[in-house]
1. Within the accessible area of segment 47-137, what % is carbon and sulfur when the probe is 1.4 Å and the other protein chains stay in place?
2. How much accessible area per residue does segment 203-278 have, in Å², with a 1.4 Å probe?
3. Hey, with R₀ at 45 Å, roughly what FRET efficiency would Asp76 and Glu138 work out to, going by the Cβ-Cβ distance, to 0.05?
4. How many nm separate the modelled label positions at Lys122 and Ser66, each set 7 Å beyond the Cα in the direction of the Cβ?
5. Ignoring ligands, DNA and RNA, please state the percent of accessible area on segment 194-238 from carbon and sulfur, probe 1.4 Å.
6. If Leu166, Leu336 are ordered by their accessible area, calculated over protein heavy atoms with a 1.4 Å probe, which sequence runs from highest to lowest?
7. Hey, rough spin-label estimate for Gln218 and Glu149, points 7 angstrom out along Cα→Cβ, what's it come to in nanometres?
8. If you stretched the chain out fully between Thr234 and Phe343, how much longer would it get, using 0.36 nm times the residue separation minus the C-alpha to C-alpha distance?
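The values are calculated or read from the model by the stated rules, or taken from the named source; none is laboratory data. Because the structure is a prediction, the values reported are computed rather than measured. For neighbour counting, all protein chains shown are included, and Cβ atoms are generated from backbone atoms with ideal geometry for every residue, glycine included. All accessible areas refer to the heavy atoms of the entire protein, side chains included, with ligands and DNA or RNA removed. Shrake-Rupley method; radii C 1.70, N 1.55, O 1.52, S 1.80 Å.
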Amino acid sequence: MSNAMKLSFSHKVALAILLVLVIWVVTGPAHTEDVADRPLSREELSLTVAYKVLEPETKEHSVKVSAHVAANRAVDVIAEVSGKVTGLPAKKGTQVKEGRLLLEIDPRNLPARLKQAEAQLKRRKLETQSTRNLFERELTNQSAVVIAESELAEAESELTAIRLDLDATQVRAPFDGIYDQRYVEEGEYVTPGTALVRVIDNQTMLVKGALSEKAVGQVQVGSKAYAELPNGTTVNGTIRFIAASASADTRTYEAEMEVTDTTKGLYDGQTATLKIPQGKRDAYEISPALLIITEDGGLGIKLLDEDNRVNIVSVDILEASTNGIWVYGPTGPIRLITVGQGFVDVGQQVDAKEQNGQKDKKADAE
């Protein structure tokens, strides 16, 4: 009887403990604080960023274009007759005047054919004149006159063609310039269409580049410009041409500067940087790492306003320097976010510390 009573008492204790556990699980601990509805403090919401105050500096602004030096004209003189190269009277690489003999091609039988054509022309002239006299005396008809005049015209054409072929055996400079290249050697046989020599008009030199869609509106024909060469030389000039339509491949506009300085030391094909001055601008020197891409695909930087709220301001690159890049766009002093910019959004209010490590006074006051 006592054992049955003990077992019944144990069961009651176990049931009581189980009931307490069930109630504890359902209701949760009585001492747990519900923080879901508690507002977060300003310190919990705010992020800390570092910034640097930058003052603008006045810099010369220029439209800058990658370019190359080009001669005003460069012509490959082509063979117009067949024959062997028999003479090279001019030295390659020298300055030549228009009409200077550069290369000779064997005329073969052209001189003899020329004499024959001249004699044939004289005969046709006499025959034509005789036929006209007979027609005036009514001893022949109009048809005979027409035939005689046709044969005369044919003789004149033949003589002209031979003279042109004979002239073509004497290859001359088409204009003043430099005898730059020779593509054949003495003794080589050439045919019509063969490139013989190249002459470059280096009396006028150009600097050619391509303007972007944004830059083309800032440059006009007649604008003063200059070009910087790899050896450090600077040459001045004037913009003489801007294409009216863009390249289908690059969407850029061809532009040319005519060099007004001496052309000495300039060579066709040299690389150059073309600069067209646009006046002065306020600019700021920053690290390239601080640039961001704006929603419209341009460049921007993140700044703080006087309430320590984050703003994005669009900028353009003015030039590169040894310590960073110069950008323009804002005006006056700016508070540039230098640390933490990737973790804050536009309009967000932040805790701000100057880059030297001291917390912003306005942030402390709040």
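1. Details: 2670 of 5580 Å².
That fraction is 48 percent.
2. Working: 4120 Å² over 76 residues.
Roughly 54 Å² per residue, with all protein chains present.
3. On the way: r = 59 Å, r/R0 = 1.32.
The value I calculate is 0.15.
4. For Lys122 paired with Ser66, the spin-label model returns 6.8 nm.
5. Numbers: 950 of 2000 Å².
Accessible surface attributable to carbon and sulfur in segment 194-238 totals 47 percent.
6. Leu166, Leu336
7. So the two model labels end up 6.9 nm from each other.
8. Numbers: separation 109, 0.36 × 109 = 39.24 nm, distance 4.52 nm.
Taking Thr234 through Phe343 to full extension adds about 34.7 nm, to one decimal.
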